[in-house]
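Undergrad: I have a structure here, written as structure tokens, and I will follow up with some questions on it.
What follows is calculated from the coordinates using simple rules that are stated; it is not laboratory data. Since the model is a prediction, treat every value here as computed from it, not as a measurement. For neighbour counting, all protein chains shown are included, and Cβ atoms are generated from backbone atoms with ideal geometry for every residue, glycine included.
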Ligand code: ZN
């Protein structure tokens, strides 16, 4: 049996499209030139992933500025001029965020046009990522709904409409990114997973949730230093997640302090095992990747293992991301040979 590979989501953008090695980088092109440029960048990554041997490929989020705001830009009810400074991820860092000031409505399909382009240009399985409802609500200020949970429910219904359309186009996997789950573990268990299932309801394609301790940016690296030697936060909501209808869970295992035995709590799920560190420029060797997959296989049935990156690679140098993806595939192939 072949161990499949995929990536968590974002990939670096070429320097002519957006400022490199930066989150929230401004576009360097405008209007129709921008879409053309995004297509060209996505095509590069599609062909790169195909040629490298990645099984379930993505557009590397070349069509959006940021994994949350790229989606929100097409939603009515948000005032982008009313920016609120908010401590996000449970006050891990401050960000200037837009404010919900009215009933939320999706005015148009958000990712259909770009996804159609990608599907036309690949015969591989294609994954699209969407921000999860809880994470959206941690990246936007609430000036309208009675609670964060109520706002999350409204976003979940909007995400579901979008997801059902993307499924119809032929995507293989729809992944919701919920890094906020580990900042709010209690709420994740109380309502986060349930509302995530609203976003995924009715989908027959593969569904996934990506949870993580954040991009390799300074604020996250500093926060991780405060978490102690063993990161056990996941134990709070893994039982709820394991009982949910979501098919796959993506999480970081490379250089993370998540004790691998917590993976036993997700026995009903396929695991997108993060074997590539995105907070470190050092390229993992295929043998390091293989060894980590071997360790994980002590806790996860290898039939449920898909090798993946820890998180999005958007803030990394372009060539480093390419080399890391090559190691990901080579390491997974080594592991396949060993089982
Ligand atoms: Zn992540």
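Undergrad: Quick one: what do you get for the stretch 156-196 if you divide its Cα Rg by 2.2 N^0.38 Å?
TA: Details: Rg = 12.3 Å, N = 41, 2.2 N^0.38 = 9.0 Å.
Taking N as the residue count of the stretch 156-196, the ratio is 1.36.
Undergrad: Something else about it: Compute the length gained on full extension between residue 265 and residue 51: take 0.36 nm times their separation in residues and subtract their Cα-Cα distance, giving the result in nm to one decimal. Walk me through the numbers before you get to the answer.
TA: On the way: separation 214, 0.36 × 214 = 77.04 nm, distance 3.49 nm.
Full-extension gain reported as 73.5 nm.
Undergrad: Right, another one. If one computes the Cα centroid of the stretch 223-241 and of the stretch 17-85, what distance in Å separates the two points?
TA: That distance is 30 Å.
Undergrad: Here's another thing I want to ask about it. Please report the equivalent ellipsoid semi-axes of the stretch 185-256, computed as sqrt(5 x eigenvalue) of the Cα gyration tensor, largest first, in whole Å.
TA: Numbers: eigenvalues 130, 38, 23 Å².
Over the Cα atoms of the stretch 185-256, the ellipsoid semi-axes are 25, 14, 11 Å.
Undergrad: Using only alpha carbon pairs under 8 Å that are at least six residues apart, calculate the relative contact order of the chain and give it in whole percent. Display every interim value, and only then the final one.
TA: Details: 675 pairs, mean separation 69.3, N = 339.
The normalised contact order for the chain reaches 20 percent.
Undergrad: While we're on this one: For the chain, report the translational diffusion coefficient in µm²/s to the nearest whole number, using Stokes-Einstein at 4 °C, 1.567 mPa s, and a Kirkwood Rh over Cα pairs.
TA: Working: Rh = 20.0 Å.
Taking Rh from Cα pairs, D becomes 65 µm²/s.
Undergrad: With N denoting the number of residues in the stretch 63-140, provide Rg(C-alpha) divided by 2.2 N^0.38 Å, to two decimal places.
TA: Working: Rg = 14.7 Å, N = 78, 2.2 N^0.38 = 11.5 Å.
Cα Rg divided by the expected 2.2 N^0.38 Å: 1.27.
Undergrad: Residue 230 versus residue 31, label points 7 Å from Cα toward the beta carbon: distance in nm?
TA: The modelled label-to-label distance comes out at 6.0 nm.
Undergrad: Going by C-beta contacts inside 10 Å, put 43, 104, 241 in order with the fewest on the left.
TA: Numbers: 43 16, 104 19, 241 23.
By the 10 Å Cβ count, ascending, the order reads 43, 104, 241.
Undergrad: Sticking with this one: If you build the Cα gyration tensor of the stretch 133-288 and take the root of 5 times each eigenvalue, what three semi-axes come out, in whole angstrom, biggest first? Don't skip to the answer; put the middle values down first.
TA: On the way: eigenvalues 135, 76, 47 Å².
Over the Cα atoms of the stretch 133-288, the ellipsoid semi-axes are 26, 19, 15 Å.
Undergrad: Take the Cα coordinates of the stretch 73-114, assign each an equal point scatterer, and use the Debye formula without solvent to give log10 I(q)/I(0) at q = 0.21, 0.34 Å⁻¹.
TA: Debye intensities relative to I(0), on a log10 scale: -0.76, -1.04.
Undergrad: What order do you get for 69, 210 when you list them from fewest to most C-beta neighbours inside 10 Å? All intermediate terms of the calculation are to be shown ahead of the outcome.
TA: Values: 69 18, 210 28.
Sorted ascending by nearby Cβ count, the order is 69, 210.
Undergrad: Let me ask something else about it. Provide, for q = 0.13, 0.17 Å⁻¹, the log10 of I(q)/I(0) from a solvent-free Debye sum over equal Cα point scatterers in the stretch 197-339.
TA: Each listed q corresponds, in turn, to -0.58, -0.99.
Undergrad: Restricting to the stretch 27-160, what percent of DSSP beta bridges are antiparallel, rounded to 5?
TA: Numbers: 9 of 13 bridges.
Antiparallel bridges: around 70 percent, rounded to the nearest 5.
Undergrad: Compute the distance in nm between two label points, each set 7 Å from the Cα along the Cα-to-Cβ direction, one at residue 319 and one at residue 122.
TA: It is 2.4 nm.
Undergrad: For 31, 261, which order do you get if you count the other beta carbons within 10 Å of each Cβ and list the fewest first?
TA: Details: 31 7, 261 10.
The most exposed by this proxy come first: 31, 261.
Undergrad: Follow-up question, since we're still on this one. Semi-axes of the equivalent ellipsoid for the stretch 1-110, please: Cα gyration tensor eigenvalues, times 5, square-rooted, ordered largest first, whole Å. Working shown, then result.
TA: On the way: eigenvalues 168, 64, 45 Å².
That gives 29, 18, 15 Å for the three semi-axes.
Undergrad: Over what distance in Å are the Cα centres of the stretch 295-339 and the stretch 146-195 separated?
TA: A separation of 26 Å, based on Cα centres.
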